[in-house]
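The values are calculated or read from the model by the stated rules, or taken from the named source; none is laboratory data. Note that this is a predicted model, so its numbers are computed, not measured. We place every Cβ from the backbone using ideal geometry, glycine too, and count neighbours over all the protein chains shown.
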Amino acid sequence: MRIPLAYNLRHLRARPAAAAMTALGIALPTTTLLLALALPEGLNRVLQGTGDPDNLVVLRKGSTTETNSAVDRDPARLIATLPEVVKDPEERPLLAPETIVIVFAPRRNGLQGNLLVRGTGEGGRALRSYVRLVEGRWFTPGLPELTVSRRIAERYQNLGLGERIHFGKHDWTVVGLFDAQGKAPDSEAWADVDLLMSDFLRTTYSSVLVRTPSPDVQARLQERLDQDKRLSLVGFPEPEYYRRQTQGPGLPLLFIGMFVSVLLGVGAAVGATNTMYAAVAQRTREIAVLRSIGFRRRSVLASFLIESLGVALLGGMLGCLLALPFHGAVTSTVNWKTFGDLAFQFRLTPALLAKGLGFAAAVGLFGGFLPARLAASRSIAASMRAI
Amino acid sequence: MKYLPLILRNLLRNKRRSGLTAFAIFVSTFLVVALQTALYQFENPPSEQSRFRLVARHATSLQNPLPEAHVDKIRNLPGILKTTPLTWFGAYWKDEDNWFANFEIESDTFWDVFPEVRLPEEERRAFLADPQGCFVGRDLAAKFDWKVGDRIVLTGQIYPLNPELNVRGIYDGPDSTWLLFHRKYVEEALKTSAGRPGRVGTIWFLVAGPEDVAPVSARVDAAFRNSNGETKTETEKAFQLSFVEMMGDLRAIVRNIVAAVALTMLLVAGNAMAMAARERAAEAAVLRALGFPPARVGFLFLSEAVLVAGIGGLLGTLLPVLLFFNSSPEPIMFPTFRVPTGIAASGILLALLVGALAGGLPAWGLVRRPIAQALRRA
């Protein structure tokens, strides 16, 4: 027979301060855990959500990111003549030879940032239709002008509309802001590819982005690039290219966050144990009475475990509430594959919140187990006598 | 002091609770000390002469190499003692996840600037004699199980070259997690590669003392202003820090975590002390009825809280100090993990503060309540 929940609730009401402190003690580690987990969640959402399956990113063979890659002008010109490449209405091949430069630039928080500047052109914009201009205009080819992601403009000094930043051989003026719907270009500043290359004395592109009409044709193009030894190029479908940059479980910040949450969770569990032992001590007589009117040992065990679990879940929910204001907050960390900053939003998905509650429940059960066992194991006679 | 036995007796009355509370504070203090040490070691990488060692890199981007000619130009500037280039090669071994630091070095001058990289003399000679030779740090060698005489093939990611190297030596040093090989080998192999020959990544040099750091840095950067290889010169420490900061505002993160830990600690300890105070209400009233001044009764209770917290804090501080004195938990990331005195002290201080706060409010409650009421309640 189960001991009614009302019994536990009444007790919690009788000692609200102790219950609240225990719950709050469990809430903090839960919040820490949620924030740690929200980090890779947001980061990888950017990387897994970027890329059009019809686009192929062409790099130098052996490279897996644009930062490491170099594509000479001749192969780039050759790609433009291949039959697999889609043509635009004016019969021009739909592709974009691009270069990327990682530039040191001060962030608004005073730290040094690694800004990813992409040299691109009309093709690059056409191939990324989700990138929309929201203010100002696009950069003019041949002029030292930048159109930057609005998110980047907010995070870096001198990158607001109309401001100037020096790198390469020019002072670059920000003439427009774009929005890339939270995808990878939202961490980038765009400029004219030829001017950027001459500023950095580059003779090679970093990559060529190519539109193909269908998966079959794309596979054919990949094979052609792979077979042609003279070109020494490799093509990745754009979504795969970004997916390969997914930051794994080795992410240092995630590791720190998990480490902290688990140790804090142990501390909070100890707090719960203390509270539950006190509860058991206060209720020695009641437990004996419950037992003598027929409640089984396991009912007593379950009742105390449920009480501990209830307090922990309350703390877990509070922890979720404390973490929620961070949902959507933009932050950035280095993308270890490109060494550029990657801006992303903290994301608290329902699955994540469930994990947080699960963590809190585990803390509660872990903390409540020993006291509950003690309560269940006492003999009725001894408890009665003890009073 | 004469009350110490009383305080201890009270402490041991509920051994389980005192023990658990001390344990919670122990875990939390350990966390605070370990995290702050991690941050400290990140910001102050170990090096015997890092204060006088400067590094020049391209002013715009780490991705941009510097012209090789810069090395000799810097070498001839006044105030500079020794100079050597160091180029990040950025290769992995077998699998992309086998990531480690690998550099091309100018073998003749490398040890002038990095004397702390200790390689036995015969291994050094063997390395210098073999154009395809390399030598690796002891920790790295242990990680991949490399031995002197092994042949290893790296996969280059930045340059189209997969170096085939012979391990000629194993070095010891503050950071023994690098692989180093001849710059000449790469230059030779990439002779025809666009944009590579004649470039170096970074240039390292020594100055005589701390007073030379600022003027010499300025002199180097001025020498290359308006060239196509403008430099940014900084101390080794600042250079390393810029990598750490790429991850995010670590200091803010650690600060927030420490706050969360302290608050959790306070809640756990505060709750335990509140429970103790409830049980002790009648006794405190009796003491006061006997004529003990309220301040002393409160003080007795407060000392108990501070003592429990202090024991937990002391253990939580000692553990990382002893545990990591000679071994780092993650040698690749932290060559050493020694806890600085200041951080150890702050750990104990934080625990004591938590004890005082946690005991303070219940102590105040014990003292404030009228004696008659407290006795009646009991």
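Things worth noting here:
- Scanning segment B:282-295 for residues that are surrounded by fewer than 19 Cβ atoms within 10 Å (Cβ to Cβ) and touching a residue at least 60 places away in the same chain (Cβ under 8 Å) yields B:282, B:286, B:289, B:294, B:295.
- Residue A:259 being more than 9 Å from chain B (Cβ to nearest Cβ), free of Cβ contacts under 8 Å to residues at least 24 places away in the same chain and surrounded by fewer than 19 Cβ atoms within 10 Å (Cβ to Cβ): no
- Only one of the listed residues (B:83, B:87) is β-branched (Val, Ile, Thr), closer than 23 Å to residue B:155 by Cα and in contact (Cβ under 8 Å) with a residue 40 or more places away in the chain. That residue is B:87.
- Checking each residue in segment A:160-212 for being of a type outside the set (Ser, Thr, Tyr), out of contact with any Phe, Trp or Tyr (no Cβ under 7 Å at 6 or more places or on another chain), part of a loop (DSSP other than H, G, I, E, B) and in contact (Cβ under 8 Å) with a residue 60 or more places away in the chain picks out A:182, A:200, A:202.
- Number of the exception - residue A:337 against (1) in a loop (DSSP other than H, G, I, E, B); (2) under 14 Å from the mean Cα position of the chain (by Cα): (2)
- Number of the exception - residue A:65 against (1) modelled with pLDDT of 90 or more; (2) more than 22 Å from residue A:153 (Cα to Cα): (1)
- Some residue of segment B:118-131 being of a type outside the set (Gly, Ala, Ser) and closer than 19 Å to residue B:161 by Cβ: yes
- Check on residue A:42, more than 14 Å from chain B (Cβ to nearest Cβ) and buried (at least 19 other Cβ atoms within 10 Å of the Cβ): no
- Hits in segment B:259-280 - residues which are surrounded by fewer than 19 Cβ atoms within 10 Å (Cβ to Cβ) and either aromatic (Phe, Trp, Tyr) or farther than 21 Å from residue A:29 by Cα (or both): B:278, B:279
- Residue that is more than 14 Å from chain B (Cβ to nearest Cβ) and either in a loop (DSSP other than H, G, I, E, B) or buried (at least 19 other Cβ atoms within 10 Å of the Cβ) (or both), where the choices are A:35, A:78, A:56, A:28: A:56
- The one condition in (1) modelled with pLDDT of 95 or more; (2) more than 14 Å from chain B (Cβ to nearest Cβ) that residue A:86 fails to fulfil: (1)
- Which listed residue is of a type outside the set (D, E, K, R) and surrounded by 15 or more Cβ atoms within 10 Å (Cβ to Cβ), from A:142, A:113: A:113
- Residues satisfying the stated conditions in segment B:181-209, i.e. in contact with a helix residue (DSSP H, G or I) (Cβ under 7 Å, 6 or more places away or on another chain) and among the aliphatic types (A, V, I, L, M): B:200, B:203, B:206, B:207
- Qualifying residue in segment B:221-229 (condition: assigned to a helix (DSSP H, G or I), on the phi < 0 side of the Ramachandran plot and under 32 Å from the mean Cα position of the chain (by Cα)): yes
- Inside segment A:60-75, residues that are touching a residue at least 24 places away in the same chain (Cβ under 8 Å), in a helix (DSSP H, G or I) and closer than 22 Å to residue B:64 by Cα make up a count of 3.
- The strands (runs of 3 or more DSSP E) found wholly in segment B:159-217 and carrying at least 1 residues that are under 21 Å from residue B:94 (Cα atoms) and aliphatic (A, V, I, L, M) occupy B:164-171, B:178-182.
- Evaluating residue A:344 against the criteria (1) assigned to a helix (DSSP H, G or I); (2) within 14 Å of another protein chain (Cβ to nearest Cβ) leaves one unmet condition, (1).
- Pairs with Cβ under 7 Å, 6+ apart, first in segment A:362-387 and at negative phi, second of a type in the set (Phe, Trp, Tyr): A:368/A:304; A:371/A:277; A:371/A:304; A:372/A:304; A:375/A:304
- Taken together, the residues in segment A:99-146 that are away from chain B (no Cβ under 14 Å) and basic (Lys, Arg) amount to 4.
- Answer from B:270, B:298, B:291 - the residue that is out of contact with any His (no Cβ under 7 Å at 6 or more places or on another chain), farther than 30 Å from residue A:337 by Cβ and not in a helix (DSSP H, G or I): B:291
- Selected residue (only one of A:50, A:99 is under 17 Å from residue A:241 (Cβ atoms), assigned to a loop (DSSP other than H, G, I, E, B) and touching a residue at least 24 places away in the same chain (Cβ under 8 Å)): A:50
- Remark: pairs (first residue in segment B:145-170, farther than 26 Å from residue A:64 by Cβ and polar (S, T, N, Q); second residue modelled with pLDDT of 90 or more and not in a strand (DSSP E or B); Cβ separation under 7 Å; 6+ apart in sequence or on different chains) = B:166/B:130; B:166/B:132.
- Test result for residue A:277, in the same structural domain as residue A:36 (by TED's automatic domain parsing) and at pLDDT 85 or above: yes
- Filtering segment B:110-131 to residues that are part of a loop (DSSP other than H, G, I, E, B) and out of contact with any His (no Cβ under 8 Å at 6 or more places or on another chain) leaves B:114, B:115, B:116, B:117, B:119, B:120, B:130.
- Once segment B:264-313 is narrowed to residues that are closer than 13 Å to residue B:360 by Cα and of a type in the set (Phe, Trp, Tyr), the residue that is nearest to the other protein chains (Cβ to nearest Cβ) is B:301.
- Residues of segment A:263-298 that turn out to be aliphatic (A, V, I, L, M), without any contact (Cβ under 8 Å) to a residue 60 or more places away in the chain and in a helix (DSSP H, G or I), as a count: 4
- Residue A:236 meets all of the listed conditions (1) at pLDDT 85 or above; (2) more than 30 Å from residue B:248 (Cβ to Cβ); (3) more than 13 Å from chain B (Cβ to nearest Cβ) but one, namely (2).
- Taking the criterion of being within 14 Å of another protein chain (Cβ to nearest Cβ) and within 22 Å of residue A:237 (Cβ to Cβ), the residues of segment A:171-209 that qualify are A:187, A:205, A:206.
- From the options A:360, A:343, A:375, residue that is surrounded by 14 or more Cβ atoms within 10 Å (Cβ to Cβ), under 30 Å from residue A:152 (Cα atoms) and in contact with a helix residue (DSSP H, G or I) (Cβ under 6 Å, 6 or more places away or on another chain): A:343
- Among the candidates B:30, B:42, the residue that is in a helix (DSSP H, G or I), hydrophobic (A, V, I, L, M, F, W, C) and modelled with pLDDT under 85 is uniquely B:42.
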